[in-house]
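Enquirer: First, the structure itself, so that you have it in front of you.
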Amino acid sequence: MSFDGIKSKINEGDTVILYLTIHQIYSVKAEAKTVSKKGVLIENIFQTQYGALKCADLIGVEYGAKIKLSKGWGYVLQPTPELWTLTLPHRTQIIYTPDISMIILQLELAPGSIVIESGTGSGSLSHALVRSVKPHGHVFTFDFHELRVQTAEEEFKEHGLSQWVTVQKRDVCSEGFGSELLHKADAVFLDLPHPWLAVPHSKLAIKQTGGRICSFSPCIEQVQKTCISLSTLGFHEIQTMEVVQTQYSIQTRSIPILNLDFVRVKKSEDSQEKNEKEVVRTVTAVPPLTQPGHTGFLTFATLPPIWARTEDDSTLIQT
């Protein structure tokens with residue numbers, strides 16, 4: 001029950017974030033025993049650069065506490081979607097916090113929202129979606145890979161999020177989202193190789209009062225086909241953006257300036273005249289030498305309420 005609300009102490013079975021440095025953050029389970037790769041039940045010991053941690057010792061410790069390792073120390077933190085994104089086991093390529101924050105903002109999610117996600121992948125975005133819509137909303141997430149669906153279900157159960165998320169195995173491009181989600185969703189998110197094939201099904205899933213859709217694609221050709229499908233099906237406010245995080249370095253630098261009110265002139269040994277310039281120290285922001293790489297394009301669009309649409313709601317394109 002690590003993700004369900006704020007807790008004071010670590011309970012047995014909790015997922016805990018072990019913070020060593022800004023670049024060394026890990027997720028561990030507060031359990032005395034674990035199953036090895038050979039299927040044998042062994043003592044649960046987590047090895048780090050600063051020594052070993054007996055995970056059984058975490059039970060009963062307060063979140064935020066400083067813990068001792070065999071060769072150093074670290075902090076134990078309660079997991080958040082942001083920390084989980086940094087430490088989760090990768091089953092697929094994942095979406096990171098800069099893109100996640102823009103997705104949640106643009107989809108206009110709030111407590112009580114019904115959102116559809118496809119595909120589930122490693123569950124990075126799913127955890128953030130659940131936090132945005134709970135306690136009265138729900139996330140319906142789909143993936144065509146059966147093992148990923150089973151693993152995601154187990155993770156959501158372990159994290160105490162099962163009541164707000166439903167995981168299903170389905171190829172949404174060909175099968176859609178199911179009749180039970182017809183006109184039920186406030187928003188739809190697509191992370192698929194061929195998102196334009198799922199746009200018609202997304203239109204049928206969005207509420208008749210209207211809603212938002214987002215598609216994440218790494219290639220511009222995918223974006224072009226998706227935008228054509230969105231436009232043909234009557235979506236409005238279509239826009240594509242790329243979130244590039246830039247981190248500036250704040251430094252104090254010395255800048256020489258010429259004082260025009262008072263210039264001291266002195267003669268050097270070779271009788272040449274030189275103007276002495278004053279120096280001012282100032283705080284400035286220095287841009288990075290290299291820019292972060294490309295992650296993906298985010299395409300957003302709005303489906304108007306049914307009374308404001310110009311075409312019949314059942315009109316779909318086949319691509």
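Enquirer: What number, rounded to the nearest 500 deg cm²/dmol, is the helix-based mean residue ellipticity at 222 nm of the chain, given -39500 (n - 2.57) per DSSP H run of at least four residues and division by all its residues? Mind dumping the intermediate values first?
Expert: Details: 7 runs with 68 residues, N = 319.
Value at 222 nm, helices only, nearest 500: -6000 deg cm²/dmol.
Enquirer: Size of the dipole of the chain about the Cα centre, Lys and Arg at +1 and Asp and Glu at -1 on the beta carbon, nothing else charged, in debye to 20? Write down the numbers at each step before the final one.
Expert: Numbers: 30 positive and 34 negative charges, 195 e Å.
Charge dipole of the chain: 940 debye, to the nearest 20.
Enquirer: If you place +1 on the Cβ of every Lys and Arg and -1 on the Cβ of every Asp and Glu, how big does the dipole about the Cα centre of the range 9-79 come out, in debye to the nearest 20? Walk me through the numbers on the way to the answer.
Expert: On the way: 9 positive and 6 negative charges, 48 e Å.
Value, rounded to 20: 240 debye.
Enquirer: Mind checking the full-extension length gain between residue 147 and residue 174? Use 0.36 nm per residue of separation minus the Cα-Cα distance, one decimal, nm.
Expert: On the way: separation 27, 0.36 × 27 = 9.72 nm, distance 1.98 nm.
Taking 0.36 nm per residue and subtracting the Cα distance, the gain is 7.7 nm.
Enquirer: Next question, about the same structure. Hey, of [x] 1.16; [y] 1.06; [z] 0.96, which did the structure itself give for Rg/Rh (Cα atoms, Kirkwood Rh) when calculated?
Expert: Checking each listed value against the structure points to [x].
Enquirer: Could you tell me which of 120, 255, 36 has its Cα farthest along the dipole of the chain towards the positive end, charges placed at Cβ (Lys, Arg +1; Asp, Glu -1), taken about the Cα centre?
Expert: Final value for the positive-end residue is 255.
Enquirer: Between residue 247 and residue 90, what FRET efficiency comes out of the Förster formula 1/(1 + (r/R0)^6) with R0 = 22 Å and r the beta carbon distance, rounded to 0.05? Intermediate values should be presented prior to the final figure.
Expert: Details: r = 23 Å, r/R0 = 1.06.
The pair residue 90/residue 247 has a calculated efficiency of 0.40.
Enquirer: In Å², what does the accessible area per residue of the chain work out to with a 1.4 Å probe? Could the numbers behind the result be given before it?
Expert: Numbers: 17880 Å² over 319 residues.
Per-residue accessible area for the chain comes out at 56 Å².
Enquirer: Let me ask another. Mind pulling up the Rg/Rh value for the range 9-79? Radius of gyration and Kirkwood radius, both on Cα.
Expert: Details: Rg = 11.7 Å, Rh = 12.2 Å.
When Rh is taken as the Kirkwood radius, the ratio is 0.96.
Enquirer: If you don't mind, there's one more thing I want to ask. How high is the relative contact order of the chain, in percent, counting Cα pairs under 8 Å that sit 6 or more residues apart?
Expert: On the way: 621 pairs, mean separation 42.4, N = 319.
Across the chain, relative contact order equals 13 percent.
Enquirer: At a 1.4 Å probe radius, carbon and sulfur cover how many percent of the accessible area of the range 1-160? Could the numbers behind the result be given before it?
Expert: Values: 4520 of 8090 Å².
Carbon with sulfur: 56 percent of the solvent-accessible area.
Enquirer: Hey, another quick one. So, R0 is 45 Å and r is the distance between the beta-carbons of residue 24 and residue 194; what FRET efficiency does that work out to, to 0.05? Each step should come with its number before you reach the end.
Expert: On the way: r = 38 Å, r/R0 = 0.85.
Efficiency for this residue pair is about 0.75.
Enquirer: Compute the relative contact order of the range 9-79 as a whole-number percentage, counting only Cα pairs closer than 8 Å that sit 6 or more residues apart in sequence.
Expert: Numbers: 138 pairs, mean separation 24.5, N = 71.
Computed value for the range 9-79: 34 percent relative contact order.
Enquirer: A further question on this structure: Mind checking which of 78, 246, 151 is farthest towards the positive end of the chain's charge dipole, using Cβ charges of +1 (Lys, Arg) and -1 (Asp, Glu) about the Cα centre?
Expert: Of the candidates, 78 comes out farthest on the positive side.
Enquirer: Another one. With unit charges on the beta carbons (Lys and Arg positive, Asp and Glu negative) and the dipole taken about the Cα centre of the chain, which residue among 140, 45, 107 sits farthest to the positive side?
Expert: The listed residue farthest towards the positive side: 45.
Enquirer: Under a point spin-label approximation (7 Å from Cα along Cα-to-Cβ), what is the residue 12-residue 68 distance to one decimal in nm?
Expert: 2.4
The values are calculated or read from the model by the stated rules, or taken from the named source; none is laboratory data. Predicted model, so just to flag it, every value in this text is computed and none were measured. No Cβ is skipped: glycine too gets one built from the backbone with ideal geometry, and neighbour counts run over all protein chains shown. Calculation scope for accessible area: heavy atoms of the full protein, side chains included, ligands and nucleic acids excluded. Shrake-Rupley method; radii C 1.70, N 1.55, O 1.52, S 1.80 Å.
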